[in-house]
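In what follows, a structure is listed as structure tokens, so that the remarks can point back to it.
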Amino acid sequence: MAQSIFNRKTQKFIKVLPQAVVVYVLLAALVITMLGPYLYIFSSSFKETYTLISIPPQLFPEKFVWDNYTYILRELPFSLWFFNTILVAVLVTVGTVFIDALAAYAFAKKQFWARDFLFGLMLATIMIPGALLLIPAFLITNKLGLLNSYGGLIIPALANVLGVFLLRQFMQTIPEELEHAARIDGCSDFGVFWRIILPLSAPALATLSIVVFTSQWNNLVWPLVVLNDKDLYTLPLGLALLRSEFQVNYGITSAAAFLSVVPLVIVFIFLQRYFLEGLTVGAVKG
Amino acid sequence: MIRGRAAVGLVQLQPCTDLQRVFFAAKAKSSEFHSRKSIYHWARTGESLQSGAEPMTSATSSSVQSGTAIASFWKRSDVRRNVGAYLFILPFMILFAVFNVGPFFWALWLSLIRGDLVQPVKPFVGLQNYVSLTTDNITLTVFKNSLQYTVSVVPIAVITALALAFLIGNKLVRFKDFYRSVVFFPLLASAAATAQIWSYILAPRYGVMTYLLSFVGVPEIYWLSDPTFALYGILLVEWWRGIGFHIILFLAAMLGVPEELHEAARIDGANAWQVAIRVTIPLMRPVILFSVVMGTIWAFQLFDTVFVLTNGGPVHSTATIVWYIYNHAFRYGQVGMAAAMGVVLLLIIMPISFVQMRVLGER
């Protein structure tokens, strides 16, 4: 009996083996394709200048050197760009999530005149491509005197329509009884929002935070049109500048590109779930 | 085990269905208005529970008799009780008006004038910018490039993603979450960083790509500096950058298909290939359509990668619609032409977005 089960298992194993080999070879190719470029620039960032352009290319540097990193940190305002990116991304994230949550609470839980009209209007603006709004948004930012400043990077980014949609959907699922109980205990409107709705919306807030933070961290176009001063540059803009100024010094560009990705990779490793959930949310704007 | 996986898949797709609900919730609002009045609401206002739907009607009818529209508006109980709601939406609405709605109408106006960004008075030229768009050589190149890019990248990305999703979704594969994380990695990097990474890989002579292709006998290709190949070099980079999105969506949808359906098909004598074509893919259709639509919308708005890698060159071979808008507005001082191009982009995107909404609505 035991013998025959063993035989059957072995037979089954032998039967799927060729398929399993093919599947795992293809998966290995997939992993190399997806992660290879990252690993390659990571290894290249330690290469000496002349080994960067050796033929055939070296997968691992002959000799590890820190020159590229010391160059971008000492000679270029890279640490400043890093700081700017973190500052802007964090402030935009906190501001957007708060402002969106306020609006979403009203749209989810309150009745007011013109609510459906306003909501429909917001829905319609999703279709507008960002490039069309770029010029007038620039002119308005200019009129507000915000060009070439942190404010110019942060304030126009604070109203996120998709964030309101996401949070409103989530808040609608919060039972009204909780709200009523809080009100009977004497909570004000804002008290209900702050003590009941916000804490209960934590998963949606986390997803939105990730979406906003990532898109700010990677935003190129808006900083490109708003900023002049190299000291105010964010990482994507700095990288674009490096590309034009250090066209062929791939050691420097590799080191910079690698450093710019590391923080998001770390956040991703810890908060993967929210990244995956946010994927389709962020997708709608494009 | 399978159940668990399927549930994970559904959770990830939630935002899609959410949007659908958003979309249709608006329609259902008027009926919802009465039904959602809560017990607390009545307790506070002292209105009787039986006449639940009454307050608004009576307020409306009394308002007809009581003088000015504003006063009657204010007397409507629902308005007066919910002034607080406006305070909640106020910060958002101000920003939304200043940086979304306002710019939209301003952009429409800008497409009718001529001038640069700093010129205080810009002459009105009517539809002349739009006429110029159809005759200008560069614009025709730009349209051709964007179209060629879109019709290439979307099918390639969606089909490869589908194949890869089937690969990861294969029953023999363990630790599916690991592979899902792996394909997410390229989505993390900014377009600028991705461009840096790939400019080295695609570099002529000493680039890794040239080296690898030499093994299969492909001669050296100047991916980013040959006008014939530059657009495909960009396509390759963007494929790498975006493929994870499609794979993850497909994987979620695929693992959400009930295992019973597969088994039923197999009992009926279908082989793995037939199950995929006849059962799994038809059930994934809404997600595939969503992917195609999103891919198309992104493809028409391609800019970052082009800006960093080739800046539209060589000889405009990678000049896209958004590249045109950026350059004409911020470098060549032709705001009117740029805005007109933006409106054309809107007209291209709008029907596609509409399909997107419909797709989401159907699900």
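The values are calculated or read from the model by the stated rules, or taken from the named source; none is laboratory data. Quick caveat, the model's predicted, so the values are computed rather than measured. FYI the Cβ positions are ideal-geometry reconstructions off the backbone, even for glycines, and counts take in every protein chain you see. Ligands, DNA and RNA are excluded from the accessible area calculation, which covers all protein heavy atoms including side chains. Shrake-Rupley method; radii C 1.70, N 1.55, O 1.52, S 1.80 Å.
Can you tell me which of A:255-263, B:96-104 comes out highest on packing, and rank the rest after it, using the mean Cβ neighbours within 10 Å?
On the way: A:255-263: 23.6, B:96-104: 18.6.
Ranking, from highest mean packing down: A:255-263, B:96-104.
Solvent-accessible area of A:Met122, all protein chains in place: 0 Å² (probe radius 1.4 Å, heavy atoms, ligands and nucleic acids excluded). For the stretch B:108-259, the C-alpha radius of gyration divided by 2.2 N^0.38 Å, with N the number of residues, is 1.46.
Using just the alpha carbons, could you tell me how many Å³ per residue the convex hull of the stretch B:131-361 encloses?
Values: hull volume 35.7 nm³, N = 231.
Dividing the Cα hull volume of the stretch B:131-361 by its residue count gives 155 Å³.
Counted over the stretch A:138-286 with a bin width of 10 Å, the fraction of Cα pairs per bin, in whole percents, is 10, 27, 29, 22, 9, 3, 1.
In Å, what Kirkwood hydrodynamic radius results for the stretch A:153-233 from the alpha-carbon pair distances?
Values: mean 1/r = 0.0663 Å⁻¹.
About 15.1 Å for the stretch A:153-233.
For a Förster distance of 45 Å, can you work out the FRET efficiency between the beta-carbons of A:Val25 and A:Glu177, rounded to the nearest 0.05?
FRET efficiency, A:Val25 to A:Glu177: 0.20.
Residue separation of B:Val118 and B:Ser225 scaled by 0.36 nm, minus their Cα-Cα distance, works out to 35.1 nm of gained length. Computed from the C-alpha gyration tensor, the three semi-axes of the ellipsoid equivalent to the stretch B:227-318 are 39, 13, 9 Å, from longest to shortest. When the solvent-accessible area of the stretch B:131-361 is split by element, carbon and sulfur atoms take up 66 percent of it, the probe being 1.4 Å.
The amide H of B:Ile113, built 1.01 Å from its N in the peptide plane, has B:Val125 as neighbours under 5 Å, considering only residues 5 or more places off or on other chains.
Semi-axes of the equivalent ellipsoid for the stretch A:6-95, computed as √(5λ) from the eigenvalues of its C-alpha gyration tensor and ordered from largest down, come to 44, 25, 9 Å. I'd like the distance separating the alpha-carbon centroids of the stretch B:170-184 and the stretch A:22-56, in whole Å. First find each Cα centre; the distance between them is then 21 Å. In this simple spin-label approximation, A:Lys15 and A:Val65 carry label points 7 Å from Cα along the Cα→Cβ vector, and these lie 6.0 nm apart.
Across the residues of B:341-348, average count of Cβ atoms on other protein chains within 10 Å? So the per-residue partner count for this stretch is 3.
Across A:Asp185, B:Asp304, the residue with the most accessible area heads the list, and the full order at a 1.4 Å probe is A:Asp185, B:Asp304.
If I take R0 = 51 Å and measure r between the Cβ atoms of A:Arg74 and B:Glu259 in this structure, what FRET efficiency does the formula 1/(1 + (r/R0)^6) give, to the nearest 0.05? The partial results should precede the final answer.
On the way: r = 58 Å, r/R0 = 1.14.
Rounded to the nearest 0.05, the efficiency is 0.30.
Within the stretch B:71-182, all pairs of alpha-carbon atoms sorted by distance into 5 Å bins from zero give the percentages 2, 8, 8, 8, 8, 9, 8, 9, 11, 11, 9, 6, 2, 0, 0.
Could you tell me whether the stretch B:228-269 comes out rounded, prolate or oblate from its Cα gyration tensor? Rule is a ≥ b ≥ c as square roots of the eigenvalues, rounded for a/c under 1.5, then prolate if a/b exceeds b/c, otherwise oblate. The shape class here is oblate.
Hull surface divided by four, with the convex hull built on the Cα atoms of chain A: how many nm²? Working shown, then result.
Details: hull surface 101.7 nm².
Reported value for the Cα convex hull: 25.4 nm².
Calculate how large, on average over all directions, the projected area of the Cα convex hull of the stretch A:104-206 is; give the answer in nm² to one decimal. Walk me through the numbers before you get to the answer.
On the way: hull surface 34.1 nm².
Result: a mean projected hull area of 8.5 nm².
A 1.4 Å probe, protein heavy atoms only, puts the accessible area of B:Asp177 near 80 Å². Across the options A:Leu224, A:Leu118, A:Phe46, the greatest Cα extent toward the positive end of the charge dipole of chain A (unit charges at beta carbon of Lys, Arg, Asp, Glu) belongs to A:Phe46. On alpha carbon coordinates alone, what is the Rg over Rh value for the stretch B:184-278, Rh being the Kirkwood radius? That ratio equals 1.20.
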